[in-house]
Amino acid sequence: MMEEHTPFWHALELAWCGDGALSLHSVRLLDAMQQMISLDDSTRAAIESRFEEEIVADLTRAGFGCGDQPLAALVGTLTFLDDPAAQEVARALGKSALLAGLSKERWLASCAWMDQLGLGTPFMEGVWLEGDDAGELARVPAVLVPVARQIGLINDDN
């Protein structure tokens, strides 16, 4: 798995990178996120270890963990995963990705993100389904915006 292209890695960036510190509230939010996406302890430990080596080691502490609010917003978007339509949206996103043109790098990054959310299979189905079987993407839920950016459906101007 490409840890740097996963929701949990993104959450760690939000928690740490604002001011180089991690608050107790952020730790609790990371715990909640782990439960919501069914991330096992060993995978979380591997992601956090790599993040610590590659990112935290170079951070300069300038505060007391100001990443709480953006992290809380991300964790709040995970309620989308409980929506029965999540699978259909993932398929439609896969179809949109194919139509936008997928490179190997974009494919791998997108799959890593979607896999961690439990939506990898429907996303891949959307890429491979023919015709209208994958549905149309009406809007991109907030938790999937990083994938939509990665595959070129959304740019910073949108």
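Rule-based calculations on the coordinates, nothing more; no lab input. Keep in mind it's a predicted model, so treat the numbers as computed, not measured. Please note: Cβ atoms are built from the backbone with ideal geometry, for glycine as well, and neighbour counts cover all protein chains shown.
Structure data summary
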| quantity | calculated |
| --- | --- |
| Helices (runs of 4 or more DSSP H) (entirely within region 56-158) containing at least 1 residues that are under 16 Å from Glu4 (Cα atoms) and among the basic types (Lys, Arg) | 104-116, 145-150 |
| Residue in region 62-76 that is within 15 Å of the chain's Cα centre (by Cα), surrounded by fewer than 14 Cβ atoms within 10 Å (Cβ to Cβ) and aliphatic (A, V, I, L, M) present | yes |
| Filter pass, Leu59 being in contact (Cβ under 8 Å) with a residue 24 or more places away in the chain, closer than 26 Å to Gly118 by Cβ and in contact with a helix residue (DSSP H, G or I) (Cβ under 9 Å, 6 or more places away or on another chain) | no |
| Where a residue in region 11-35 is in contact (Cβ under 8 Å) with a residue 12 or more places away in the chain and its partner, wherever it lies, is in a loop (DSSP other than H, G, I, E, B) and β-branched (Val, Ile, Thr), with Cβ under 6 Å and at least six apart | Gly20/Thr60 |
| The lone exception for Gly76 - which of (1) under 23 Å from Val145 (Cα atoms); (2) in contact (Cβ under 8 Å) with a residue 40 or more places away in the chain it fails | (2) |
| Check on Leu81, under 16 Å from the mean Cα position of the chain (by Cα), more than 13 Å from Gly18 (Cβ to Cβ), surrounded by fewer than 19 Cβ atoms within 10 Å (Cβ to Cβ) and touching a residue at least 40 places away in the same chain (Cβ under 8 Å) | yes |
| Residue satisfying all of: in region 1-50; assigned to a helix (DSSP H, G or I) and among the polar types (S, T, N, Q); nearest to Pro146 (Cα to Cα) among these | Gln34 |
